[in-house]
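Novice: Let me begin by handing over the structure; questions about it come next.
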Amino acid sequence: MKYWSRLLPLFLVLALGGCGGQDRQTLQQVDLLLAANEYVQAFAILQAAIHQDPKDKTLRRAEIRLLLQAERVDLAYIRYQDLVSDLSKNDSVLFDLLHDKNETVRTSAVRALGLTGEPQAVPALLGALNDPDQNVRRAAASSLGDLKDVKAVPGLIEALHDKWWFTRSEAAASLGKLRDARAVPPLFAALKDDDQSVRRAAQNALTIIAPDSDPAPFLQALHDSDPAVVYAATCSLAAARNPAATPVLLGYLASSEPVVRQQGLRQFRYLLDPSALPAIRKALDDPEPTVQLEAILAVVDYRDKASVPALDALAKSGTPEIAHVAAEASGRLAALP
């Protein structure tokens, strides 16, 4: 009963005369509800007030903040676009909320800015990389990659040293999206990170950057003492279709470890080096079905019609899964002109 007695004056105001000069009362009531995590009721109150006065920028901005606190970034972004379109072309609400006392609001504002595609968001998001809250920093690292502005590269390189692994991982992924060669040495350094997710993100970023970059640092990394660095360099060179990866990948195919042989075959599918075909064909007879499967996929990628007899043999003698895939691969190759 106490709850409804607090809401009754507001409902009367909205029913009898609209929001008008009652912005403060409306916002106070919304704040009380947000403090109690009553997002639905708070949103309903703001919607009613905005319906009464759709030109009220204060209420429209408050609605965006509410949605960000509720982590409805998608809807907050739509409301922001509506606000910019209807009332305020250069409204700074998302930028202003980067300084909100609530870390959830700041995090969501960072994510919303990443959706805008606005170049002027880059400096603000670079500043958010230094936010005291780790989730804000992680979101900033991700959003900077979404904006795809190379001005973010130095800040993202610095974020590779963030104390939280998630921020470092997002920074590495974003550097891959930006495809800037300046990130190559720092990403190779990140391959030695203590966290596996960071190492994996750095490796993926390097393979994205490599096709448009100078191969020199990748070729040099082939001689590193760390196998993980060598593997990342090899994958990157394979993605760039640089034949320097071939000797390393042939070594993988000769490994006693099935997973290593499988990795080698997978990278040959990107590299498409015809000189590797004899070794790939040989892998069709590998004792491990997972390796055989990768070899089947590889000969199809190479459009190697000479593998059809071996595929036909596998279709008759392989495991049910291998037999099925081999028969399908044989048919596809045989149909090639």
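Throughout, read-outs are computed from the coordinates displayed, never taken from laboratory work. Being a predicted model, the structure only gives us computed values, none of them experimental. Positions of Cβ are generated from backbone atoms using ideal geometry, with glycine treated the same way; all protein chains shown enter the neighbour counts.
Novice: If you take the charge dipole of the chain about its Cα centre, with +1 on Lys and Arg Cβ and -1 on Asp and Glu Cβ, which of 114, 317, 136 is farthest toward its positive end?
Specialist: Highest projection toward the positive end goes to 114.
Novice: I've got another one for you. Kindly flag which residue pairs out of 101/163; 89/151; 89/177; 177/305; 282/316 have an alpha-carbon separation exceeding 27 Å in this structure.
Specialist: In this structure, 89/177; 177/305 lie more than 27 Å apart at Cα.
Novice: The range 73-165: which trypsin sites (Lys or Arg not before Pro) are DSSP loop and have at most 10 other beta-carbon atoms within 10 angstrom?
Specialist: 89, 101, 163
Novice: Name the residue, out of 24, 199, 61, whose mean-square fluctuation peaks in a Gaussian network model built on the chain with Cα pairs under 10 Å.
Specialist: Answer for the Gaussian network model of the chain: 24.
Novice: Please label the shape of the range 146-239 as rounded, prolate or oblate, based on the square roots a ≥ b ≥ c of the eigenvalues of the alpha-carbon gyration tensor (a/c under 1.5 means rounded; beyond that, a/b larger than b/c means prolate, else oblate).
Specialist: It is oblate, given that a/c is not under 1.5 and a/b is not larger than b/c.
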